[in-house]
Amino acid sequence: MSPKPGTGAQAATGLYLHVPFCSVKCRFCDFAAYPGRRGEISRYLESLSKEIAQRAEENPRSLDTLYVGGGTPSLLSGEEIGRLLAEVDRRFSKTPEFESSLECNPETLTVEKLEALRRAGVNRLSLGLQTTEDPLLKALGRSHDLRTFHGAYRAARDVGFGNLNIDLMYGLPGQTRTGWMDTVKRVIDLAPEHVSAYALTVQEETYFHRSGVVPDDDLQADMYEEAADALIAAGFGHYEISNFAKPGRECRHNLRYWRNQDCLGAGVSAARYDGRTRRTNTDNLSVYLLAMEGGQTPVVEETALTEAERLGEDLMLGLRLAEGVAPSAAAARLYGAALEEALAEGLLRKEGGRYFPSRKGWRLSNALFVKLLAPGKPAS
């Protein structure tokens, strides 16, 4: 495997913080998100601060990325976000190129809150638009309309944010190819630095699953191809299956995951990985609060990966990226046959000793990755 940045003893690491509160749960959402529990925000932030301190004590290293996700982190007040990020500042040093991302819903943003985010050190916002079609936003259970989004986007620019991501979703119930491409073109006209475009997946325990929503795979494939072509033509690099960025504006925190680097995590459902063991917190808000307040661990799952599993993860995650992967000798012994089979099927291309995903491989990523799910048992 090619050397992974940031794996030295004193190398910087990343930190993910989960904020599980939201005003309403979207109909596609299966994340740990809790509407109607704003009264517990203060209590939660106290517990989260305790866990941040624990992570810092265990890992006295600098941070080069911070990502605050949810839920809806921007549901918190500017003062609450400021206190949370001040705790991170107090516990960790930062590298000069530190990237601090925060997920936002448009309807939660005001000029005052955006200014507070800037003062707190946030330098990258991820805005959840999903679609520019108001009827589809309503069908998704979103609380904003296109006009609200435009107001939030303009305010973020006016306040001085120079690194904005827009989240999009395609294959929605009732969405057409024409409507989808109109959304993509409108977003391109806004000139964000980054665009994430995800196919709708219907997970169990969601409103869409209970309602019998079934995405059209063929339609989603067409939408994916057309959006990728349009974004690339507009100057975005297609650097990961679902992510596009202007040069140098790739999400560096998410690159940590796709490069299978170590990363810290705190909060409900947050996971942390030290390169060998993955530990995941409970996704139950009440259980998390009781554990932290009682001096107990919120971890409910701990998985120590074998060498073969780590190598397989390196390959699967790395093949999400346009930069591809160069297998080590050990990885080639275990997975070489699977890689060559994928190469023969057009899912990969090879240059020198490095494998790169093809557009077909990205579009059929599940078929590609399943070949790497049996450590030590390469596909025949």
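The values are calculated or read from the model by the stated rules, or taken from the named source; none is laboratory data. What you see is a predicted model, and the numbers here were worked out from it, not measured in a lab. Every residue, glycine as well, gets a Cβ built from its backbone with ideal geometry; the counts of neighbours run over all protein chains shown.
In the range 89-131, how many are β-branched (V, I, T) and out of contact with any Gly (no Cβ under 9 Å at 6 or more places or on another chain)?
Start the filter on the range 89-131 by keeping residues that are β-branched (V, I, T), which leaves 95, 108, 110-111, 122, 131.
Filter once more, so that each one left must be out of contact with any Gly (no Cβ under 9 Å at 6 or more places or on another chain): 95, 108, 111, 122.
Within the range 89-131, residues that are β-branched (V, I, T) and out of contact with any Gly (no Cβ under 9 Å at 6 or more places or on another chain) number 4.
Can you name the helices (runs of 4 or more DSSP H) wholly within the range 89-183 that have at least 1 residues being at pLDDT below 95? Full working, then the answer.
Working: elements: 111-120, 134-140, 146-159.
Counting at least 1 such residues, we get 134-140.
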For the range 196-264, which helices (runs of 4 or more DSSP H) that fit wholly inside it have 3 or more residues that are over 21 Å from L136 (Cβ atoms)?
217-233, 252-258
Which residue is nearest to L290 (Cα to Cα), if the candidates are limited to the range 26-50 and must be among the basic types (K, R) and not in a helix (DSSP H, G or I)?
R37
Failed condition for L373, given (1) over 16 Å from E240 (Cβ atoms); (2) surrounded by 15 or more Cβ atoms within 10 Å (Cβ to Cβ)
(2)
Is there a residue in the range 63-75 that is surrounded by fewer than 18 Cβ atoms within 10 Å (Cβ to Cβ) and either more than 20 Å from N284 (Cα to Cα) or touching an Asp or Glu at 6+ places or on another chain (Cβ under 9 Å) (or both)?
no
Every listed condition ((1) touching a Gly at 6+ places or on another chain (Cβ under 9 Å); (2) buried (at least 19 other Cβ atoms within 10 Å of the Cβ)) holds for L219 save (2)
Got at least one residue in the range 306-316 being surrounded by fewer than 20 Cβ atoms within 10 Å (Cβ to Cβ), out of contact with any His (no Cβ under 7 Å at 6 or more places or on another chain) and modelled with pLDDT of 95 or more?
no
Pairing a residue in the range 257-280 that is on the phi > 0 side of the Ramachandran plot with any residue that is crowded, with 21+ Cβ neighbours inside 10 Å and polar (S, T, N, Q), where Cβ atoms lie under 7 Å and the two sit 6 or more apart in sequence or on different chains, gives G267/N281; S269/N281
